[in-house]
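Asks: The structure follows.
What follows is calculated from the coordinates using simple rules that are stated; it is not laboratory data. All values derive from a computational prediction rather than experimental measurement. Cβ placement follows ideal geometry from the backbone for every residue including glycine, while neighbour counts extend to all protein chains displayed.
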Amino acid sequence: MATKVTQPGTAGIAEAEAAFLAANPSFRETAVLDELRATEYGRLDARGDVYLDYTGGSLYAESQLEEHLRLLRETVYGNPHSVNPTSSAATVLVERARAAVLRHFNADEDEYACIFTPNATGALRLVGEAYPFGPRDRFLATFDNHNSVNGIREFARAKGAGTAYVPLEAPDLRVADGLLERYLDEAAADGHRLFAFPAQSNFSGVKHPLEWIALARDKGWDVIVDSAAFVPTSRLDLSVWKPDFVPISFYKMFGYPTGIGALIARRPALARLQRPWFSGGTVVAANIQGELVVPLSGHALFEDGTVNYLGIPAIEIGLRHIERIGIETISKRTEALGTWLLEQLQRLRHSDGAAATRVYGPTTWDRRGATIAFNFLHPDGRMVDERFVDVVAAAHGISVRTGCFCNSGAGETAFSLSKDTLIGAEFDDGMILDDYIKLIGMPTGGAVRVSLGLATNFADVYRFMRFATEFRDVTEVPADLPPRIAC
Ligand SMILES: Cc1ncc(COP(=O)(O)O)c(C=O)c1O
């Protein structure tokens, strides 16, 4: 008897969800998130939105807004750079939020400082511009890094330091065993050395080993663990792991407010940084005629001007919200839904049996988070232009990200771009991104990224797979797709 093969996304939702629950009995332990989906994130279903860009930014609960607004309505807050009553009221809330951040990451206040920044990028810039690079020094980064980490190489080079990148291996987009150690051992033992890697890739979802922190620190490196894509769904315990610098963006954790991030820094490493300037808020005293500058210390030295004192209290509210849910509950849920989605995507086939997708990074749920990068394929194996995916996704009310996600190195590895190709290819005056993509021989402008978060439910991933089936047997895309603006 012929076996009936059900294409992913074509079973009815009730049938598909029943099968999913039968295969994942512990998913029911995350039921609190189904309740919150209805009460706190109800706007998603009211509008019919399928939001799957949590690595871009998480979503806020309605109660976060209400609590923040209540706080602002009930009290008068002034600029914290004074001692007057309204200023003191703001200072109390800013310092409470700072303590709450350290508590959330289980960081000892004597060991770690929390510096508020505009975002993770702002945190990385603080480190890059103040790191005491010199000609004998080195900046080392994995290929897998956000461009906000890659940009640190410009500070290093400007001060004569060497830079190096640890490559990734395709198809998993991880660093080969033992390779990092070789790169760590290459630098001069007496120079300043700064190593940066992401705890979780914003491209492939790979979780790189946190064991690298001790390995590098033991060899005398200062370590940045970019945790922007990791902490929204995973626990970072700074009583266990001891990185020197941890950049994060709070909107990626709980959606609101935007415009606030933090640099969580080990105090001894912070003390080694040399700020390139001073500003309001960072000095005990400064004068003009004597050219005196007496810097403040700790977090205060790094918070330029007036902090976002009306927004920062919302950080404590947001942290409380995710702590009530429990980060392990969020992890468990995104893992179960992510595993289902990863499998379904790879099972998608054209009528002739040819694969309809190509996934970048780990193809099973092994040391990874719920960020999945892939391309749809035409039946002849060519990649479907990611701009067409955007068009079809919009028609389905689906929000995903397409492109290279500001992670050039993971993209170069995923698309097999060699050093020789890239060195020979100049981005000439008058070129647009589309010309450059053709010049370097990329099959299309980038990948499609689906990322899951605390409000994702089964219906979201199911609707995504329904949308994905539209790419079965698609042989051509329209010729009039809009030009690409940035990667
Ligand atoms: C791993 C990682 N690092 C850094 C950033 C930069 O974050 P932001 O744009 O909030 O500064 C991002 C943003 O997506 C990210 O995913």
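Asks: Kindly provide the chymotrypsin sites (Phe, Trp or Tyr not before Pro) of segment 204-279 that DSSP labels as loop, not H, G, I, E or B, and whose Cβ sees at most 10 other Cβ atoms within 10 Å.
Replies: Working: sites: TRP212, TRP221, PHE230, TRP241, PHE245, PHE250, TYR251, PHE254, TRP277, PHE278; in loops: TRP221, PHE230, TRP241, PHE250, TRP277, PHE278.
Hits after loop and neighbour filter: TRP277.
Asks: Also, I was wondering about something else. So what is the relative contact order for segment 184-332, in percent, with contacts set as C-alpha pairs under 8 Å and at least six apart? Before the final figure, lay out the partial values.
Replies: Details: 209 pairs, mean separation 25.9, N = 149.
Reported as a whole number, the value is 17 percent.
Asks: Same structure, new question: Working from Cα positions, state the angle (0 to 90°, nearest 10) between the long axis of helix 458-468 and the longest principal axis of the chain.
Replies: Around 60 degrees separate the two axes.
Asks: Under a 5 Å amide H to amide H cut-off, with H placed in plane at 1.01 Å, what residues pair with THR163 once short-range neighbours are removed?
Replies: Result for THR163 returns PHE139.
Asks: On to the next question. Using the crude model of +1 on Lys and Arg Cβ and -1 on Asp and Glu Cβ, and no other charge, please compute the dipole size for segment 128-189 relative to its Cα centre, in debye to 20. Mind showing how you got there, number by number?
Replies: Numbers: 7 positive and 10 negative charges, 68 e Å.
Once rounded to the nearest 20, the dipole reads 320 debye.
Asks: If you place +1 on the Cβ of every Lys and Arg, -1 on the Cβ of every Asp and Glu, and leave all else neutral, what size is the dipole of segment 380-421 about its Cα centre, to the nearest 20 Debye?
Replies: Numbers: 4 positive and 6 negative charges, 21 e Å.
Roughly 100 debye for segment 380-421.
Asks: Are there chymotrypsin sites (Phe, Trp or Tyr not before Pro) in segment 402-487 that DSSP marks as loop and that have at most 14 other Cβ atoms within 10 Å, and which are they?
Replies: Numbers: sites: PHE405, PHE415, PHE427, TYR436, PHE458, TYR462, PHE464, PHE467, PHE471; in loops: PHE405, PHE415, PHE427.
Taking segment 402-487 and a limit of 14 other Cβ atoms within 10 Å, the loop chymotrypsin sites (Phe, Trp or Tyr not before Pro) found are PHE427.
Asks: Between ALA38, ASN79, GLY57, whose Cα lies farthest towards the positive end of the dipole of segment 28-94 when Lys and Arg beta carbons carry +1 and Asp and Glu beta carbons carry -1, centred on the Cα centre?
Replies: Of the candidates, ASN79 comes out farthest on the positive side.
Asks: Shifting gears a bit: Among all the aspartates and glutamates, which ones have a C-alpha under 15 Å from LYS159's C-alpha, if same-chain residues fewer than 8 places away are not counted?
Replies: GLU129, ASP137
Asks: In whole Hz, with x marking every Gly and Pro, tabulate ³J(HN,Hα) for segment 123-139 from phi via Karplus 6.51 cos²θ - 1.76 cosθ + 1.60, θ = phi - 60°.
Replies: The phi angles translate into 5, 5, 5, 4, 5, x, 6, 10, 5, x, 4, x, x, 8, 9, 8, 10 Hz.
Asks: Also, quick follow-up: Rounding to the nearest 20 debye, state how big the charge dipole of the chain is about its Cα centre with +1 on each Lys and Arg Cβ and -1 on each Asp and Glu Cβ. Please report the intermediate quantities before stating the final value.
Replies: Working: 48 positive and 61 negative charges, 92 e Å.
The calculated dipole for the chain is roughly 440 debye.
Asks: Helix 313-325 against the longest principal axis of the chain: what's the angle in degrees, Cα atoms only, rounded to the nearest 10?
Replies: 50
Asks: Search the structure for amide H atoms under 5 Å from the amide H of TYR112, placed 1.01 Å from N in the peptide plane, and list their residues when 5 or more places away or on another chain.
Replies: The answer is ARG267.
Asks: Run the helix sum for the chain: -39,500 (n - 2.57) per DSSP H stretch of 4+ residues, divided by residue count, reported at 222 nm to the nearest 500 deg cm²/dmol. Walk me through the intermediate numbers first.
Replies: Values: 19 runs with 182 residues, N = 487.
Calculated mean residue ellipticity at 222 nm is -11000 deg cm²/dmol.
Asks: Take the eigenvalues of the Cα gyration tensor for the chain, scale each by 5, and report the square roots as semi-axes in whole Å, largest first.
Replies: Numbers: eigenvalues 309, 174, 84 Å².
Its equivalent ellipsoid spans semi-axes of 39, 29, 20 Å.
Asks: In addition: Using each residue's phi in segment 185-191, evaluate 6.51 cos²θ - 1.76 cosθ + 1.60 at θ = phi - 60° and report the 3J(HN,Hα) Karplus result to the nearest Hz, with x for Gly and Pro.
Replies: Running phi through 6.51 cos²θ - 1.76 cosθ + 1.60 with θ = phi - 60° gives 7, 6, 7, 4, 5, 9, x Hz.
Asks: Can you give me the angle between helix 327-347 and the longest principal axis of the chain, using Cα atoms only, in degrees from 0 to 90, rounded to the nearest 10?
Replies: 40
Asks: Which entries of LYS207/LYS252; LYS219/LYS242; LYS207/LYS438 show an alpha-carbon separation above 20 angstrom in the structure shown? Mind showing how you got there, number by number?
Replies: Working: LYS207/LYS252 17 Å; LYS219/LYS242 14 Å; LYS207/LYS438 31 Å.
Those over the limit are LYS207/LYS438.
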